[in-house]
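The values are calculated or read from the model by the stated rules, or taken from the named source; none is laboratory data. Since the model is a prediction, treat every value here as computed from it, not as a measurement. Quick reminder, even Gly has a Cβ in these numbers, built from the backbone with ideal geometry, and neighbours come from all protein chains shown. When the accessible area is computed, the model is the full protein with side chains, heavy atoms only, and any ligands, DNA or RNA have been set aside. Shrake-Rupley method; radii C 1.70, N 1.55, O 1.52, S 1.80 Å.
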Amino acid sequence: MLFQLTNQPIETLISSSLHPHTGGIVTFEGRVRAINDDREVSSLEYEAYPELALHEGHTIISEVLEQFDILEARAIHRTGHLAIGDIAVWIMSAAVHRKEAFAATEYIINAIKTSVPIWKKEHYSNGEAIWVRCDRCADEHNHTAKEVFSL
Amino acid sequence: MTTLQITYFAALRDTTGYAEETLTTEMATAKALFHELTAKYHWPFAETDIQVAINDRYQSTDTLLKEGDRIVFIPPVAGG
């Protein structure tokens, strides 16, 4: 599976059965942090629209395999309730040389943030919970959510 | 009149109180249906905030609705 959703803790061990030409592997782990926009976060809840999320995720990985000079790429995204420090998303790109693997991995995380239908509810230490708007999270100059809304 | 299966996720489900409903509507397009549902459920989103999936694929909000379509309105995503 090039792109997976899981409600279980993400295992980050990389198989030793990678393409024999692999010389550089770049992995990215997105983890749940205890603070966002100056608010103390106690946990996160991720919800996916599975049928479309899997389709879009596969499309992203397939595009990367075509457009970048890499040998393999994979991504896994968590769903469900996550604690501080848990891995929310894990991405791996393998290439002959590191430069393309770095570029492909960054492309994948930006594309996931832009087009894969997954939503994030932040639970705060004061008991409030808010669905986070992250419209511009893929913008390299603006990595944090700037707008939130409460229902 | 068109009968549709509508699924709600995340913030939109919080406004409806349920994840799915079967709805019969006179609206011809996904965009028109979005405005009908916004009025019904008081969604806090502009038309430009929302994308639509029809039968589990992104489509233009100008797409004409067909009998039995599965419709999902998608508020701004926040994965990663």
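Selection of segment A:9-28 for residues being farther than 20 Å from A:Ser62 by Cα, open to solvent by 70 Å² or more (accessible area, probe 1.4 Å) and touching a residue at least 60 places away in the same chain (Cβ under 8 Å) yields only A:Pro9.
Quick check, is B:Tyr41 open to solvent by 60 Å² or more (accessible area, probe 1.4 Å), on the phi < 0 side of the Ramachandran plot and hydroxyl-bearing (Ser, Thr, Tyr)? Full working, then the answer.
Working: open to solvent by 60 Å² or more (accessible area, probe 1.4 Å): no; on the phi < 0 side of the Ramachandran plot: yes; hydroxyl-bearing (Ser, Thr, Tyr): yes.
When the stated conditions are applied, B:Tyr41 does not pass them.
The strands (runs of 3 or more DSSP E) found entirely in segment A:1-82 that carry 1 or more residues being among the small types (Gly, Ala, Ser) are A:24-31, A:39-48, A:72-78.
Of all the criteria given as (1) modelled with pLDDT under 95; (2) open to solvent by less than 20 Å² (accessible area, probe 1.4 Å); (3) more than 11 Å from every other protein chain (Cβ to nearest Cβ), the one not satisfied by B:Gly80 is (3).
The residue of segment A:100-121 that is farthest from the chain's Cα centre (by Cα), among those that are more than 13 Å from B:Ala78 (Cβ to Cβ) and open to solvent by less than 10 Å² (accessible area, probe 1.4 Å), is A:Ala101. Of all residues in segment B:26-37, those satisfying the criterion of being open to solvent by 40 Å² or more (accessible area, probe 1.4 Å) and within 12 Å of B:Lys66 (Cα to Cα) are B:Glu26, B:Met27, B:Ala28.
Taking segment A:83-120 as the range and being of a type outside the set (A, V, I, L, M, F, W, C), assigned to a helix (DSSP H, G or I) and farther than 16 Å from A:Ile10 by Cβ as the test, the residues that pass are A:Arg98, A:Lys99, A:Glu100, A:Glu106, A:Tyr107, A:Asn110, A:Lys113, A:Thr114, A:Ser115. Residue-level check: of (1) closer than 17 Å to A:Val116 by Cβ; (2) more than 14 Å from the chain's Cα centre (by Cα), A:Gly57 misses just (2). Kindly establish whether A:His97 is more than 12 Å from every other protein chain (Cβ to nearest Cβ), open to solvent by 10 Å² or more (accessible area, probe 1.4 Å) and under 21 Å from A:Ser17 (Cα atoms). Judged against the criteria, A:His97 is a match. Checking B:Leu4, B:Leu23, B:Leu64 one by one, the residue that is open to solvent by less than 10 Å² (accessible area, probe 1.4 Å), more than 14 Å from chain A (Cβ to nearest Cβ) and farther than 29 Å from A:Ile87 by Cβ is B:Leu4 and no other.
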